[in-house]
Amino acid sequence: MKPHIFSVEEANAALPPLTTIVKEIMEIHDSIKHVTNGIKELFDIWNEAVHEAGNPDNKMYNEKLRERNELLERLQQRIEDIRQFGGVVKDLSVGLVDFYHEIDGELVFLCWKYGEREIRFWHRLQEGYGDRKPVGSVVTV
């Protein structure tokens, strides 16, 4: 299935709702890291014994597992919401989202990072954030 090809204007129009979604994704991602650290700490203390019903931390351990699973489900749903817009999530921790775009017949990504007010950069599909070029510039190889 061919991806939706965005114009710069079309991608910019998608940014207000995407900004809200990406902010939530970043918050969920941070919560997952925090809960996972709590799970790891309990496991480091008790090892496999944390799974035993009589373990004093078993209930807390299971609650943290359940919380992490709920957060992961929310995260997946919000990522799917971005896919429905036609965006491609690249980095959850800093909020990178790319949009397919075409320059001189080549499929590329328009690159947006949470906090940016508009699409200002692009990069080739095989490149990443560090290879961003200003929109309007065309680089030939």
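Readers should treat all values here as calculations from the given coordinates under stated rules, not as data from a laboratory. All values reported here derive from a predicted model rather than from experimental measurement. Here the Cβ positions follow ideal geometry from the backbone for every residue, glycine too, while neighbour counts run over all protein chains shown.
For the residue pairs Lys33/Lys59; Lys113/Lys133; Lys33/Lys64; Lys2/Lys90; Lys33/Lys133, alpha carbon separations beyond 22 Å are given by Lys33/Lys133.
Within segment 38-141, the GluC sites (Glu not before Pro) that combine a DSSP coil assignment with at most 15 other C-beta atoms in a 10 angstrom radius are Glu52, Glu116, Glu118, Glu127.
Taking the number of Cβ atoms within 10 Å of each Cβ as an exposure proxy, the fewest-first ranking of Met1, Met60, Met26 is Met1, Met60, Met26. Taking Cα atoms only, the orientation of helix 58-85 departs from the longest principal axis of the chain by about 10 degrees. In segment 75-141, inverting the average of 1/r over every pair of distinct C-alpha atoms gives 12.4 Å as the Kirkwood radius. Taking the three principal axes of the alpha carbon atoms in segment 8-134, the coordinate ranges are 65, 25, 21 Å, sorted in descending order.
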